[in-house]
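One structure is given below, encoded as structure tokens.
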Amino acid sequence: MYGHGFPLSGLIMLGVMLFSLQGFVGRLPFDITEAETEIMEGPLLEYSGPKLALFKYLQMAKLMVYSGIFIALFVPWGNTLFYPVNVIIFLIKVLVLVLIITLVASIHPRYRIDQAIRYFAGMFIVSIGALILAVWGY
């Protein structure tokens, strides 16, 4: 089983990580702290001007770092023997993933708190199933 492609549990965990990455970095539709009509708390209520800009830059950097981790773990193919080419290929893959996450954020409405909790509960159940499959060797 180990030399015959990507195992089923790995494919399931790839999907779980891809679908939960959006909420983990706090982008739409999971940016519940930015929903001023629903919740009046969080960092965006207290910051304005340069502090708000730094907070937004931090969110963008968080998106880039976690996208890089996702690419390094789940999309390692496409590497060559030359280091500069590997870095360029890696950055292109990260930018494509960031583009996909930004596209999803721009076309989906914001979830309510109960919808987000149900979504993450479903992701948790699927990830537990993938861990069970991984223990069994699938």
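Below is a table of values for the structure above.
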{"read-out": "Stretch gain in nm, segment residue 123-residue 87, where the contour uses 0.36 nm per residue and the Cα spacing is subtracted", "value": "9.8 nm"}
{"read-out": "Extension gain (nm, one decimal) between residue 61 and residue 77, 0.36 nm per residue minus Cα-Cα", "value": "3.4 nm"}
{"read-out": "Overall form of the stretch 82-126 per C-alpha gyration tensor (a/c, 1.5; a/b vs b/c)", "value": "oblate"}
{"read-out": "Using θ = phi - 60° and Karplus 6.51 cos²θ - 1.76 cosθ + 1.60, couplings along the stretch 89-97 (whole Hz; Gly, Pro as x)", "value": "4, 4, 5, 5, 5, 5, 5, 5, 5"}
{"read-out": "R0 of 41 Å, Cβ-Cβ distance residue 14-residue 54: FRET efficiency to nearest 0.05", "value": "0.80"}
{"read-out": "For peptides 50-63, 91-104, sequence by mean Cβ density within 10 Å, most packed first", "value": "91-104, 50-63"}
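Read-outs throughout are calculated quantities, based only on the coordinates presented, and are distinct from any laboratory measurement. Worth saying up front: this structure is predicted, and the values here are computed from it rather than measured. Backbone-built Cβ (ideal geometry, glycine too); neighbour counts: all protein chains shown.
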